[in-house]
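For reference, the structure discussed in these notes is given below.
The values are calculated or read from the model by the stated rules, or taken from the named source; none is laboratory data. Just so you know, these numbers come straight off a predicted model, no measurement behind them. Here the Cβ positions follow ideal geometry from the backbone for every residue, glycine too, while neighbour counts run over all protein chains shown. Accessible surface is based on the protein model in full, side chains and every heavy atom, while ligands, DNA and RNA are left aside. Shrake-Rupley method; radii C 1.70, N 1.55, O 1.52, S 1.80 Å.
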Amino acid sequence: MKEKAYTLNDRNWRIIGIPFMGMVIAVMIAFDEFLKLSQHFFLSVLFSTLLTLTFWEGNRYIIIWMRRIFPEYNQTGRRVVAEAVLAVAYVFVVSLLLDEVYYKPVYHVSALAMGFRISIVPTVIVYLVYEAVYFFDAWKMNVRKTEALMRENVQSQLEVLKNQLDPHFLFNSMNTLAALIDDENTAAQDYLERLSDVYRYVLVSRNKNTVLLSDEIAFVDAYVYLNKIRFRENLQVEKQLSTATLAQHVTPLSLQMLIENAIKHNVASREHPLRIVIREEASGYLVVENNISEKTILEKSTRVGLQNIINRYSLLTDREVEIISDGERFTVKIPLLNQLAG
């Protein structure tokens, strides 16, 4: 997985904040000199500003480092705890060095405790400002992603279900049709039952952001069954999935779209059977792979396919959908997801 690049757009904060905090700290520790505006006070301002710069830049690096390690909105607690531990350690080390190289040689006294307490003030302020802004930005980003995901789902629903009839009417019609089929015609009964399963799954999952992979696989099995009536053994779908992987999540209808895409663009005949493999990768990806035997005349596309999957995953995770074609095999890798709000 690629490390998420992260930078802070805080140039103006640093230009204004560092000298301002240096001034405030100087006033706090040399208030009497401030009232007299003595030379000692201005030296204190310079010293405090340099000290603030040291703590600000060091803690700023810690913040960037932790946000690269814990970039997600739901990792805020772990990130803040890690930042707090590292910040206290950093402040202590700098205060200790300052005490050894400045206070003890110059004043012949240890000021470690006082220096540590004073240094905590700019550190706390820096973290409060950065975390408040980061939390607000993350909240706005989540709102935008949720709105975009809703738009993507609506588009997907319109495309996949653009000819949808009223659900009750369709299911009642299927029940009526089942009653008209002879009990001995088990093939027709099975076909109608799988068709009902496919339609039911589309209705249930259409408003969800993610579904269990096990549920998606059950839906794919029904979808493949319907297509195998047409292609028979010329269409072969193999699954290589562990129980743990089946407990992960994917976006609804994503596997069906990939299988539909393979069927639309490739020949499935006795001479050139279409073989599709659905397997897992240790890197946390689900792989859908098929051999390439392109049709000379392509079927009309519903325009629901790879781009729709790419768009939806981009709203749910930083991990990208990977598409690989070497002329012989066409491979799509989609990230397995932890459960998200549906």
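Looking at region 60-73, I want the residues that are within 21 Å of ARG14 (Cα to Cα) and have a partner that is among the aliphatic types (A, V, I, L, M) and part of a helix (DSSP H, G or I) with Cβ atoms under 7 Å, at least 6 apart or on another chain. Which pairs are those?
ILE62/LEU86; ILE62/ALA87; MET66/ALA82
Give all pairs with beta carbons closer than 6 Å in which a residue from region 314-332 that is of a type in the set (Gly, Ala, Ser) meets a residue that is modelled with pLDDT under 90 and open to solvent by less than 70 Å² (accessible area, probe 1.4 Å); count only pairs at least 6 apart in sequence or on separate chains.
Between residues of region 314-332 that are of a type in the set (Gly, Ala, Ser) and residues that are modelled with pLDDT under 90 and open to solvent by less than 70 Å² (accessible area, probe 1.4 Å), there is no close pair.
Starting from region 274-295, take each residue that is touching a residue at least 60 places away in the same chain (Cβ under 8 Å) and closer than 16 Å to GLN256 by Cβ and list its partners that are open to solvent by less than 50 Å² (accessible area, probe 1.4 Å) and hydroxyl-bearing (Ser, Thr, Tyr), counting only C-beta distances under 8 angstrom and pairs at least six apart or across chains.
Between residues of region 274-295 that are touching a residue at least 60 places away in the same chain (Cβ under 8 Å) and closer than 16 Å to GLN256 by Cβ and residues that are open to solvent by less than 50 Å² (accessible area, probe 1.4 Å) and hydroxyl-bearing (Ser, Thr, Tyr), the close pairs are LEU286/THR245.
Can you tell me which residue in region 133-163 is nearest to LEU203 (Cα to Cα), limited to those that are modelled with pLDDT under 70 and polar (S, T, N, Q)?
So, considering only residues that are modelled with pLDDT under 70 and polar (S, T, N, Q), the one nearest to LEU203 (Cα to Cα) is GLN157.
Of all residues in region 89-128, which are closer than 22 Å to ASN74 by Cβ and either touching a residue at least 40 places away in the same chain (Cβ under 8 Å) or not in a helix (DSSP H, G or I) (or both)?
Across region 89-128, the qualifying residue is only TYR127.
Residue by residue, here is whether (1) among the aliphatic types (A, V, I, L, M); (2) modelled with pLDDT of 85 or more; (3) open to solvent by 70 Å² or more (accessible area, probe 1.4 Å); (4) touching an Asp or Glu at 6+ places or on another chain (Cβ under 9 Å) holds:
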| position | (1), (2), (3), (4) |
| --- | --- |
| GLN39 | no, no, yes, yes |
| GLU57 | no, no, no, no |
| ALA82 | yes, yes, no, no |
| VAL85 | yes, yes, yes, no |
| TYR107 | no, no, yes, no |
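May I ask you to list pairs of residues, at least six apart or on different chains, whose Cβ atoms are under 7 Å apart, with the first in region 222-243 being more than 25 Å from LEU336 (Cβ to Cβ) and without any contact (Cβ under 8 Å) to a residue 24 or more places away in the chain and the second being open to solvent by less than 40 Å² (accessible area, probe 1.4 Å) and part of a strand (DSSP E or B)?
Correct list of pairs: LYS228/LEU235.
Residue check: is ASN207 at pLDDT below 80, closer than 30 Å to TYR285 by Cβ and open to solvent by 80 Å² or more (accessible area, probe 1.4 Å)?
yes
Can you give me the number of residues within region 57-106 that are more than 22 Å from THR317 (Cβ to Cβ) and either of a type in the set (S, T, N, Q) or more than 30 Å from the chain's Cα centre (by Cα) (or both)?
20
If you take the residues in region 314-327 that are surrounded by 14 or more Cβ atoms within 10 Å (Cβ to Cβ) and of a type in the set (A, V, I, L, M, F, W, C), which one is modelled with the highest pLDDT?
Out of the qualifying residues, it is VAL321.
Working only within region 238-273, note down all residues that are in contact with a helix residue (DSSP H, G or I) (Cβ under 8 Å, 6 or more places away or on another chain), closer than 23 Å to THR296 by Cα and among the hydrophobic types (A, V, I, L, M, F, W, C).
MET257, LEU258, ILE259, ILE263, ALA268
Check whether at least one residue in region 30-50 is in contact (Cβ under 8 Å) with a residue 60 or more places away in the chain and in a helix (DSSP H, G or I), and report yes or no.
no
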